[in-house]
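The values are calculated or read from the model by the stated rules, or taken from the named source; none is laboratory data. In this text, all values refer to a predicted model and were calculated from it rather than measured experimentally. We place every Cβ from the backbone using ideal geometry, glycine too, and count neighbours over all the protein chains shown. Areas reflect the complete protein model, heavy atoms only, side chains present, ligands, DNA and RNA absent. Shrake-Rupley method; radii C 1.70, N 1.55, O 1.52, S 1.80 Å.
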Amino acid sequence: MKSIKYFVFDLDNTLVKTNRANNESYKDAILAVTGKKVTIKKSRFTRENLVSTLPDLSPNQIEKIINAKETCYSNYIAETNLNRQLVKILELLYDERFKPILLTESRKTRTQQVCNYHKVTHFFSNIYCKEDYPNLNKYEFLRSLGIQVETVVLFENEQTEIRKAIQYGLNENQIIRVKF
């Protein structure tokens, strides 16, 4: 059995609690683009929720809202909360023998903004965002980097992402389910 070399962390609601900032940013963006005020009842509003909540949006409006949401996010960055337990783990891993990686579905600009705000950027040997793997899921992307799944420990909160990780070869004992 290969030894663990890579520690892979998800960002949203794993390393940093981001639901409130995300949802408030969406509300502002929707208002700016459509003039409509929306109430968000979900714990985390997503692009899919945008389409189901406002089904009459054109593709152009959807893209404008998503871009405006990214811009609005800085107004709510203080509403994000760092997972202090994971930071303690990152501090212990801060060594050239291990390679902590941030692997997120978030856009690069927002990822940098959140990591810089919480001063955690320096802990990661690499930070990969959705733009880095536009036609793959994050676990296919890891494989494309030549990272063998047997050498990975994953920190993830979302069950759908955990299922994807297992589908791409991680064993359940390699996955740390984060509850924040």
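Accessible surface for segment 48-153, divided over its residues, is 55 Å² per residue with a 1.4 Å probe. In this structure, LYS108 and ARG20 have a Cβ-Cβ separation that, at R0 = 30 Å, corresponds to a calculated FRET efficiency of about 0.90. Relative to the longest principal Cα axis of the chain, at what angle does helix 108-117 sit, 0 to 90 degrees, rounded to 10? Value to nearest ten degrees: 70. For the pair SER125 and ALA32, the difference between a 0.36 nm per residue extended length and the Cα-Cα distance amounts to 29.7 nm. Among the protein heavy atoms of the chain, carbon and sulfur supply 49% of the accessible surface, probe 1.4 Å, non-protein parts ignored. Peptides 26-36, 53-63 ranked from most to least packed, by the mean per-residue count of other Cβ atoms within 10 Å: 26-36, 53-63.
Classify segment 129-170 as rounded, prolate or oblate from the Cα gyration tensor: take a ≥ b ≥ c as the square roots of its eigenvalues, call it rounded if a/c is under 1.5, otherwise prolate when a/b beats b/c and oblate if not.
oblate
Show me the GluC sites (Glu not before Pro) within segment 79-169 that DSSP assigns to loop and that have at most 12 other Cβ atoms within 10 Å of their Cβ. Listed in order of number, the matching sites are GLU96.
Secondary-structure-derived ellipticity at 222 nm for the chain, considering helices only, amounts to -12000 deg cm²/dmol, per-run term -39500 (n - 2.57) for DSSP H runs with n ≥ 4.
Given an 8 Å cut-off on Cα distances and at least 6 residues of separation, report the relative contact order of the chain as a percent.
Worked out over the chain, it gives 32 percent.
When the Cα atoms of segment 55-180 are aligned to their principal axes, the ranges along those axes come out at 46, 31, 25 Å in descending order. Full extension of the chain between LYS42 and LEU54 gives 2.9 nm of extra length, using 0.36 nm per residue less the Cα-Cα distance. Shape descriptor for segment 33-91: Rg over Rh equals 1.11 (Cα atoms; Rh from the Kirkwood inverse mean 1/r). Note: segment 1-135, Cα convex hull, 130 Å³ per residue.
Working out 0.36 nm times the residue gap between ASN171 and ASN81, then minus their Cα-Cα distance, what length gain in nm do you get to one decimal?
Separation in residues times 0.36 nm, less the Cα-Cα distance, equals 29.5 nm.
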